[in-house]
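The values are calculated or read from the model by the stated rules, or taken from the named source; none is laboratory data. A quick note: this is a predicted structure, and the numbers were derived from the prediction, not measured. Because the Cβ atoms are built from the backbone with ideal geometry, glycine has one as well, and the counts that use them run over all protein chains shown. The area values use the complete protein model at the heavy-atom level, side chains included, leaving out ligands, DNA and RNA. Shrake-Rupley method; radii C 1.70, N 1.55, O 1.52, S 1.80 Å.
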Amino acid sequence: MVEERMGDCWSHTKDQFDNLEKHTQWGIEFVEKYNKFVKERSEIEINYAKQIRNLSKKYQPKKNSREEEESKYTFCRAFFTTLNELNDYAGQHEVIAENLTSQIFIELTRYLQELKAERKTHFHDGRKAQQYIESSWKQLESCKRRFERDCKEADRAQQYFEKMDADINVTKADVEKRGLNKARQQAQMRHQMASDSKGDYSSYLQKFNQEQNDHYHTIIPNIFQKLQDMEEKRIERVGACMKTFAEVDRQVLPIVGKCLDGMTTAAESIEPKTDSQQVVESFKSGFEPPSDVEFEDYGQAMKRTVSENSLSNSKESKEKPAGKSKPKLWPFIKNKNKGSGPEDFSHLPPEQRRKKLQGKIDDLNKDIHKEMDQRDALTKMKDVYIKNPQMGDPASVDPRLTEIGLNIEKLQAEVQKFEGWLAEVEERMPSKSDSHRRSGLYETQSSVAVSNNCAQDRERPLSSPDGSYTDEQNTETQVKANINPNPNPNPIPTTMPDDEEFDDDDEPLATIGTCKALYPFEGHNEGTIAVAEGELLYVIEEDKGDGWTRVRRNQDEEGYVPTSYIEVNLEPNAKGAMTYI
């Protein structure tokens, strides 16, 4: 009965461990499934954001004249704003994917490894405890069987001795002969072994009962409690992840709302009347409405008289039909000349022609402005070379100055030609345009003589201070002029520093500020220093009006760079402290 009861207990405990093992394994599989769900949701967000960005990029305005023309209309600008907001909206979905990955997927992956290790430890401890108690029970059973065996052996020895001792027919000699004493000793020895086995059995039984009590009341409950705690933590962790799953979306809602508000604001900024007026201004022709069509009487030839004028009138009526020529219905005539028209745009309606001519004049004036900037820079450079021959040959600048002078003359002639056509158009239009439509750049600059030294009194930044004027450098100068056409609006005197200022002093000059290079400068000539675009340097001597600033890279490298090539920040206590470009 005892054995059956113990077997039932062990079987029940084993079943409990099996059930818990299955349940905890299912719990781990659930966490893995949820983690996979979060990963797939993150991938969906990434793909969705990518598709939204591609869609926004696909419909972004291209860099061509048609898109620039469309940007005049409020509904087009609203659509472009919507595309930008949609791009930001896609960015928020990328944030969702990133937060889901970092706050849930990665954390759960790490937690799963810890959970598996903890579960394995608990079940290992449970199996170890179960094996130990079963081993103790087997030892107890072994002691019990040995005690039982010794007791039986002692009983048989006692019975054998008592049987020999009770025989009345046995003489003393027979007693010695039959080994009565030996039987007595054997019985006593068996009794002693049975007594010892009883003591061992009793002692181990007490020990087993204590171990069994600890096993079922302490060890196994503790293991079950640890498994329960582990399971509760797992469930709590899953709940926290589900809450984070929702919070990740909630965190981006304010920014998503701003994106949607931006789209709404852009849509509300559409002005139909303004857009329609843009169309009117773009395609307004400037023609006067046609006059009334007069009646043409073809019956006059039948009303002849015999008067002297009848024959002449008849001839005149044949030569010149009655009525005026048929007027042109210009609003409905299609422009068949879709290609490049005449240079004076005479194929266009008056208003369109005026706009084209004005745009052409503006472009020519910009080109003249660029050429003059280059000429002034070269003139300044030539003056520097004249005063400091070691920096370059002044004669090397003359061919380029001559070329620029010819270019300016040609451009000014073109401006004059197009302004003549513009004046003709404005005179013929019903209402003359305001005077501000005309560009005054040509009138203000046409009086300037085109010569090599005519721009010495103009204050412009140096465009090529290293003295080389190849075609590539001229193109680079024009690009820089477009990016920063007037980097230094303050007047710069044409005087250069004395030659002695280029010599090194015994003591290094103190730092009076810092500067940042806006353009690269090679600095091939003596006294100059090469700088890279964006490089930070120390200012040790400010521009004294000659267009050059003395800078220092370190204790051993210093020299002059063009002032127009750097952005200077002088210290507050420096003389004439200011910030200029």
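Could you pull the accessible area for Trp548 with a 1.4 Å probe, rounded to 10 Å²?
Near enough 0 Å² of accessible area.
How high is the FRET efficiency from Lys63 to Glu29, r the C-beta distance, R0 41 Å, rounded to 0.05?
Numbers: r = 55 Å, r/R0 = 1.35.
That pair, Lys63 with Glu29, gives E of 0.15.
Just the accessible area for Arg550, please: 1.4 Å probe, Å², rounded to the nearest 10?
Per-residue accessible area (Arg550): approximately 10 Å².
Do you know the Lys pair count in segment 184-291 for C-alpha distances under 28 Å, with sequence separation 8 or more or different chains?
Details: Lys198/Lys207; Lys207/Lys226; Lys226/Lys243; Lys233/Lys243; Lys243/Lys258; Lys258/Lys273; Lys273/Lys284.
Here the count comes out as 7.
Which of the pairs Lys62/Lys360; Lys355/Lys417; Lys382/Lys544 have their Cα atoms more than 20 Å apart in this structure?
Details: Lys62/Lys360 23 Å; Lys355/Lys417 15 Å; Lys382/Lys544 18 Å.
From the list (Lys62/Lys360; Lys355/Lys417; Lys382/Lys544), the Cα-Cα distance tops 20 Å for Lys62/Lys360.
Subtracting the Cα-Cα distance from 0.36 nm times the residue separation, let me have the gained length for Asn19 to Ala166 in nm, one decimal.
Numbers: separation 147, 0.36 × 147 = 52.92 nm, distance 6.55 nm.
Value of the extension gain: 46.4 nm.
5 Å is the cut-off here: which amide hydrogens, built 1.01 Å from N in the peptide plane, fall below it relative to Ile540, excluding neighbours closer than 5 in sequence?
For Ile540, the qualifying residues are Ile512, Arg550, Val551, Arg552.
May I ask you to list the residues of segment 525-543 whose amide nitrogen lies under 17 Å from a point 7 Å from Cα along the Cα→beta-carbon direction of Gln555?
538
Asn54 label point, 7 Å along Cα→Cβ, cut-off 20 Å on backbone N: hits in segment 74-94?
83-94
For Asp165, what accessible area in Å² do you get when you roll a 1.4 Å probe over the heavy atoms of the protein chains, rounding to the nearest 10?
Surface open to solvent at Asp165 totals about 90 Å².
Could you pull out the pairs from Lys33/Lys116; Lys72/Lys356; Lys380/Lys516; Lys63/Lys370 whose alpha carbons sit more than 26 Å apart here? Write out the running numbers ahead of the final one.
Values: Lys33/Lys116 15 Å; Lys72/Lys356 17 Å; Lys380/Lys516 23 Å; Lys63/Lys370 24 Å.
Beyond 26 Å between Cα atoms: no listed pair.
According to a simple spin-label model (label point 7 Å from Cα along Cα-to-Cβ), what is the distance in nm between Glu114 and Gln210?
Output for this residue pair reads 3.9 nm.
What is the percent carbon and sulfur in the accessible area of segment 74-128, measuring with a 1.4 Å probe over the protein chains and ignoring ligands? Intermediate results must be reported in sequence, preceding the final value.
Details: 1560 of 2860 Å².
Whole-percent figure for carbon plus sulfur exposure: 54.
Using label points projected 7 Å from each Cα along Cα→Cβ, tell me how many nm separate Gln139 and Thr274, to one decimal.
9.6 nm
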